[in-house]
Amino acid sequence: MDSAEVPLSTPIKTLFMGESGSGKTCALASLLHAGYKVAILDLDNGTEALRGLCDAQGLARLTYLTLPEPMRFANGRIIPAKASVWTKAMLTLNDWKNADPTLGTVCSHGPVSKWGPDWVLVIDTISTLSQAALNFHLSMNGALGAIRSANEGRRDIGAAQELIRTLLQFLFDISLRCNVIASSHITYVKQDGSGQLTPGENAPTQGFPSAIGRALSPEMPRYFNSVLLSRTAGANQRQICTTTQGNINLKTTAPRLLKPTYDQATGLAEIFKALHGSVPATATPPAAAAS
């Protein structure tokens, strides 16, 4: 095995794109079965199907925190009742605690900055978290649910983008030793730079991760050392792609170690094994304390 084929020792930082329903969350089951501990910031209330795929050992390695943004009616409109998701998400990254309803305990895993390479932190999805960042900014400025002018809207989006950029810098930082998977929906943007494709419009497009506003989406892949795609390849067949698919650019740090496509049921575990060699041993075992 030459130097180009040696498994990597650095954490795997992955942007995992796919249309809604393409199986991004369920693909995490193979990592749990392979021995990784997986912690999901669940912004889309979507862990039920994943939990149904896991055996008892897999479930024991899974921790998740579901963070919905409550909504309310106001003058004929539906608006956020309060902007709590962004703050809770950031507090969780700083000190992960979540209640276990079956045991009546609080599982405390500490800050993600202390996790080792046997952990996988999952943001599911970064697209929904982007909206939470915007809600947080609006709330801080007393404008949550308000109708904004065009200029105010542009400033709001710019501020939310900066919040997400700062988060991406934190996730990409080499000092964060755990693996990271940021799941994302896909936004198709016209290649001439004039914005998103409108219904019925026929124009060359490029697929980017969905975020907030037009400027951030094309930047997001540079914060990750791998960009993968979850897709439906036929009846009851789902794949994970590692090489560019049409108008969606993908990348990996070690393309010679990976196949172009993997079966989704086992793909993430196979990709991690190819890049890591085996599940790394933890240097900082998690603690569990009774409530």
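One table, with the values for the structure above:
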quantity: Nonlocal amide H pairs with Val180, under 5 Å, H built at 1.01 Å; calculated: Ile12, Lys13, Thr14, Leu121
quantity: Phi-based couplings in Hz for the range 239-249 (Karplus 6.51, -1.76, 1.60; Gly and Pro marked x); calculated: 10, 10, 9, 10, 10, 3, 10, x, 9, 10, 7
quantity: Computed lengthening from Glu48 to Phe170, 0.36 nm per intervening residue step minus Cα-Cα distance; calculated: 41.1 nm
quantity: Helical contribution to [θ] at 222 nm, DSSP H n ≥ 4, -39,500 (n - 2.57), averaged over the chain, rounded to 500; calculated: -7500 deg cm²/dmol
quantity: Cross-link table Lys88/Lys190; Lys114/Lys259; Lys82/Lys190; Lys13/Lys114, entries beyond 24 Å C-alpha to C-alpha; calculated: Lys88/Lys190; Lys114/Lys259; Lys82/Lys190
quantity: Long-range amide H partners of Gly110 with built H, under 5 Å; calculated: Trp96
quantity: Tensor-based shape of the range 34-131 (alpha-carbon gyration tensor, a/c under 1.5 rounded, otherwise prolate or oblate); calculated: prolate
quantity: Length added when fully stretched, Asn236-Ile147, from 0.36 nm per residue minus Cα-Cα; calculated: 27.7 nm
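Readers should treat all values here as calculations from the given coordinates under stated rules, not as data from a laboratory. It should be emphasised that the depicted structure is a prediction, and the values quoted were computed from it without experimental measurement.
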